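A.B. asks: Starting off with a structure, shown below.
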């Protein structure tokens, strides 16, 4: 069933639209006082993720403030490795950590054994999607998501985020067989995970390849793109005609990688803020694009926000489907009123362009 505001999906499919659709990565998050109130009451990030009623409420918070064209389910890419038994926890000012990182053949064998059971441990995500759909009442599409196999592997091998990824690179160059086995386990788990999200009610899904940008182009093809493509193909095979549009986003990707994503079957390519959309659109005619304001623009002057929004919209050719987004997630220091300014300007200016 179509959403009352189906602009996002209509844009992806190349249908006529009245304005450029907009949603933002981390649009439900720490910059919102109502989010922080719930965070204080619940006490932990994962406590919010694992309670479907709370996750649904947080998902809908930004829609109550801004006329957005989609919501994205409140969750985390690391729920999958957590369900595999790695023991996810969060420390203030350290980010996500795992009690049991993956370093040896024995570790991976344990994952291979546990993987089919892991989806049962993620039922709270599916319940959160169902509850969100119920509360949405068809207002806008709901986006589901996962991390890419490579990005999840980085976290699982390092045991945390990293600036150097020493353990991951060590495995890449000394135990290639183990890395491929881990990526294969993850790709199969992510197929099941995304299929579950769509069956629960997600209308679109996004694959976040947060750490793919650390790789060379040959390594990106081998360790990131190949397994992301495996996930996309698996989802489409499982769901057939009901398969959703799939957005692929790699942070720090060079322009050449966007061409690879198009060839791999991505429905939409997410572009980070380091590129001009005009260059990407020229290289990939009529390919649906998502992006790409610098998220830190939202810390600046409201008129600068409006001006840059217009510049980005003007870069996109009329025959290129476009979803306005940030080039990464909203920063916690972002003033709420600046988000409102961006959404308002994208709506106002793009509506005028569509009427020309």
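Throughout, read-outs are computed from the coordinates displayed, never taken from laboratory work. Just so you know, these numbers come straight off a predicted model, no measurement behind them. Reconstructed Cβ throughout: ideal geometry from the backbone, glycine too, with neighbour counts over all protein chains shown.
A.B. asks: What per residue convex hull volume, in Å³, do the alpha-carbon atoms of segment 70-226 yield?
C.D. replies: 113
A.B. asks: Compute the distance in nm between two label points, each set 7 Å from the Cα along the Cα-to-Cβ direction, one at residue 217 and one at residue 310.
C.D. replies: For residue 217 paired with residue 310, the spin-label model returns 3.7 nm.
A.B. asks: Further question: In whole percent, what relative contact order does the chain give with Cα contacts below 8 Å and a gap of six or more residues?
C.D. replies: 20
A.B. asks: Further question on the same structure: Where does segment 227-356 land on the Kirkwood hydrodynamic radius, alpha-carbon pairs, in angstrom?
C.D. replies: 15.7 Å is the Kirkwood radius here.
A.B. asks: Shifting gears a bit: Scattering from the C-alpha atoms of segment 1-70 alone, worked out with Debye: what is log10 I(q)/I(0) at q = 0.13 1/Å?
C.D. replies: Normalising to I(0) and taking log10 leaves -0.47.
A.B. asks: Just the Kirkwood number for segment 143-249, please: inverse of mean 1/r across all distinct Cα pairs, in Å, one decimal.
C.D. replies: 14.0
A.B. asks: What FRET efficiency would be calculated for the residue pair residue 65, residue 264, taking the C-beta separation as r and a Förster radius of 35 Å, to the nearest 0.05?
C.D. replies: Efficiency, from the Cβ-Cβ distance: 0.45.
A.B. asks: Quick check on the chain: helices-only [θ] at 222 nm, where DSSP H runs of length 4 and up contribute -39,500 (n - 2.57) each and the sum goes over total residues. Nearest 500, please.
C.D. replies: Result for the chain: -15000 deg cm²/dmol, rounded to the nearest 500.
A.B. asks: Another question, then. Express the C-alpha Rg of segment 54-118 as a ratio against the empirical globular expectation 2.2 N^0.38 Å, rounded to two decimals.
C.D. replies: Taking the Cα Rg and dividing by 2.2 N^0.38 Å, one obtains 1.52.
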